[in-house]
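Undergrad: This structure is in structure tokens; I'll ask about it shortly.
The values are calculated or read from the model by the stated rules, or taken from the named source; none is laboratory data. The structure displayed is predicted, hence computed values, not measured ones. No Cβ is skipped: glycine too gets one built from the backbone with ideal geometry, and neighbour counts run over all protein chains shown. All accessible areas refer to the heavy atoms of the entire protein, side chains included, with ligands and DNA or RNA removed. Shrake-Rupley method; radii C 1.70, N 1.55, O 1.52, S 1.80 Å.
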Amino acid sequence: MKGAAAAMRQGNQNQQGLLRRVEDYMDQHEMIRRGDRVLAGVSGGADSVCLLSVLHRLSKDCFELRAVHVHHGLRSSADEDAEFVKRLCGRLGVPCTVVRVDAASYAARHGMGTEEAARILRYRAFRETAAQWKNEDGGRIRIATAHHREDQAETVLFHLCRGSSLAGLAGIRPVRDDVIHPLLELSRRDIEWWLAENRLSYCTDETNADTAYARNYLRHCIFPLLEEHVNAASAEHFAQASDDARSAEEYLRRETDRACALADNRDGTWSVPKLLEMDAYLRRRVLLEILSGQTGHRKDLSRGHIRILEELLAGSGSRRADFPYGVTAWCEYDRLTFLTADAGLQKPAAAADGHCLCIPLSENQYEVRQLAFSGEMGGIPAGQYTKWFDYDKIGSFLVFRTRKPGDRILLDEKGGHKLLSRVLIDEKIPSSVRDRMIFPCCGRDVLWVPGLRVNAQYKVCPATHTVLQIRFQAENS
């Protein structure tokens, strides 16, 4: 009897030790504050049963705990798993929500694998359940999932095999937005020990043994070989490397933000010399930030796209390249500039004096009205993108068109003319867009280059009777 009691005390001490490890890890990464509410994702498998049990033990007088189970509709045993989770939560006194989704139909509609579809729907269900809970009485809610050390190792190796940046090698972050991973420091062996100590049963997902899935192949085939023939602590070392990668990525994230601020961003144009001055690795990160900001996406951007941008920076003359999501980049006059594929407003270009102007690429960007003129010169608009012209001086029909050879602008009342082509060159408008720009024209006379030049021949004077007002829409409406 004394031996049994001693063993029980030792078991209790070991359990308290594991709970302290999890609690310390949660505190270290500021996962939960006192008074928070935690929604645990519980599939019924060993890892999630351990998560629910540990959180239940830690929750007393600290945070409120609920569970959510997602029924993906993929396996014949899924109904049994849902019932198991409900019974387990009932025994622990943890409120449980079961959400049913159709992962197979979602995968077919969106052209993806069922595993990816299930993951998307699972996290959608987590967040919808959390939102419903939040609506009850407000307060912060954290979503807890049961990823552990081996999951971390598999994630890092999986990202390495597919091709990854440093951010990908950071693997699963302890906290990501509203999702926390309290068990990330525990090993699979720790989890199995906890379940055995607490006599907790769990469900077995037969698809976890299917090595047709890449992650299952790594888990069942690759890591056993690494641990047998390379190092028995391979998974632990992968997880440790992910911690180092995450710390390095956080540092470089701050440095990248600083470098982006130094790149002389002027409403969509960047300084080529300042980019070339940067360390090569940091410059590639900055270029990825810039390009993803223009495309609005990062998923389809590769190292190859960044190499193309670097070649643009290193080239000479006017050069351009096309990128995903209809984005075009060009380098000219020491500026890196981007345009979108929209038919209307494009990204601004840098003028000769360093300010930025919007490039007119559609007649729809112009609004034209006729107004009676009172003769009061002080009433003429001073805005950069609204101009008045003497309608009586416009001898032929006003048209909006691209440039033609011989187009010109009268610069002043003394008769000094300048070819439109020369104006665009002097104002450093990139050659890649000059032939696409739309101008209001009267014969060979260009009335206006928005933001730059107004034809002096058509200016309003005290003798003007009718005004032609042209407004350039500097923003898409």
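Undergrad: Considering (1) modelled with pLDDT of 90 or more; (2) open to solvent by 30 Å² or more (accessible area, probe 1.4 Å); (3) part of a helix (DSSP H, G or I), say which one C260 fails and leave the rest.
TA: If we test C260 against (1) modelled with pLDDT of 90 or more; (2) open to solvent by 30 Å² or more (accessible area, probe 1.4 Å); (3) part of a helix (DSSP H, G or I), just (1) comes out false.
Undergrad: Can you give me the number of residues within segment 425-458 that are surrounded by fewer than 17 Cβ atoms within 10 Å (Cβ to Cβ) and modelled with pLDDT of 85 or more?
TA: So the answer is 3.
Undergrad: Also, I was wondering about something else. Which one of I191, I180 is open to solvent by less than 40 Å² (accessible area, probe 1.4 Å), hydrophobic (A, V, I, L, M, F, W, C), at negative phi and in contact with a strand residue (DSSP E or B) (Cβ under 8 Å, 6 or more places away or on another chain)?
TA: I180
Undergrad: Follow-up. Filter segment 46-63 for residues that are within 17 Å of S187 (Cα to Cα) and in contact with a strand residue (DSSP E or B) (Cβ under 8 Å, 6 or more places away or on another chain) and give the result.
TA: The answer is S48, L51, L52, L55.
Undergrad: Pick from V94, V38, V70: which is crowded, with 17+ Cβ neighbours inside 10 Å, within 18 Å of L200 (Cα to Cα), touching a residue at least 40 places away in the same chain (Cβ under 8 Å) and among the aliphatic types (A, V, I, L, M)?
TA: Within the list V94, V38, V70, the selection yields V94.
Undergrad: Show the residue pairs that are 6+ apart or on different chains and have beta-carbon atoms under 6 Å apart, the first residue being within segment 137-152 and in contact (Cβ under 8 Å) with a residue 12 or more places away in the chain and over 30 Å from A241 (Cβ atoms), the second being open to solvent by less than 30 Å² (accessible area, probe 1.4 Å) and part of a loop (DSSP other than H, G, I, E, B).
TA: Going by the 6 Å Cβ cut-off, the qualifying pairs are R140/D36.
Undergrad: Another question, then. Working only within segment 237-252, note down all residues that are open to solvent by less than 70 Å² (accessible area, probe 1.4 Å) and either under 20 Å from the mean Cα position of the chain (by Cα) or not aromatic (F, W, Y) (or both).
TA: A239, A241, S242, D243, A245, R246, A248, E249, L252
Undergrad: Same structure again: Return a yes/no flag: does segment 114-124 have any residue that is over 27 Å from A214 (Cα atoms) and open to solvent by 30 Å² or more (accessible area, probe 1.4 Å).
TA: No, segment 114-124 contains no residue that is over 27 Å from A214 (Cα atoms) and open to solvent by 30 Å² or more (accessible area, probe 1.4 Å).
Undergrad: Taking only segment 134-155 into account, find how many residues are farther than 23 Å from C50 by Cα and in a helix (DSSP H, G or I).
TA: So the count comes out to 4.
Undergrad: Given R173, R215, which one is closer than 25 Å to R124 by Cβ, outside any strand (DSSP E or B) and in contact with a helix residue (DSSP H, G or I) (Cβ under 6 Å, 6 or more places away or on another chain)?
TA: So the residue among R173, R215 that is closer than 25 Å to R124 by Cβ, outside any strand (DSSP E or B) and in contact with a helix residue (DSSP H, G or I) (Cβ under 6 Å, 6 or more places away or on another chain) is R215.
Undergrad: For segment 291-300, check the following and say yes or no: at least one residue is open to solvent by less than 90 Å² (accessible area, probe 1.4 Å), closer than 20 Å to T328 by Cα and among the β-branched types (V, I, T).
TA: Yes, some residue in segment 291-300 is open to solvent by less than 90 Å² (accessible area, probe 1.4 Å), closer than 20 Å to T328 by Cα and among the β-branched types (V, I, T).
Undergrad: Scan segment 408-446 for residues that are without any contact (Cβ under 8 Å) to a residue 60 or more places away in the chain, among the aliphatic types (A, V, I, L, M) and part of a loop (DSSP other than H, G, I, E, B) and report the count.
TA: Of the residues in segment 408-446, 1 are without any contact (Cβ under 8 Å) to a residue 60 or more places away in the chain, among the aliphatic types (A, V, I, L, M) and part of a loop (DSSP other than H, G, I, E, B).
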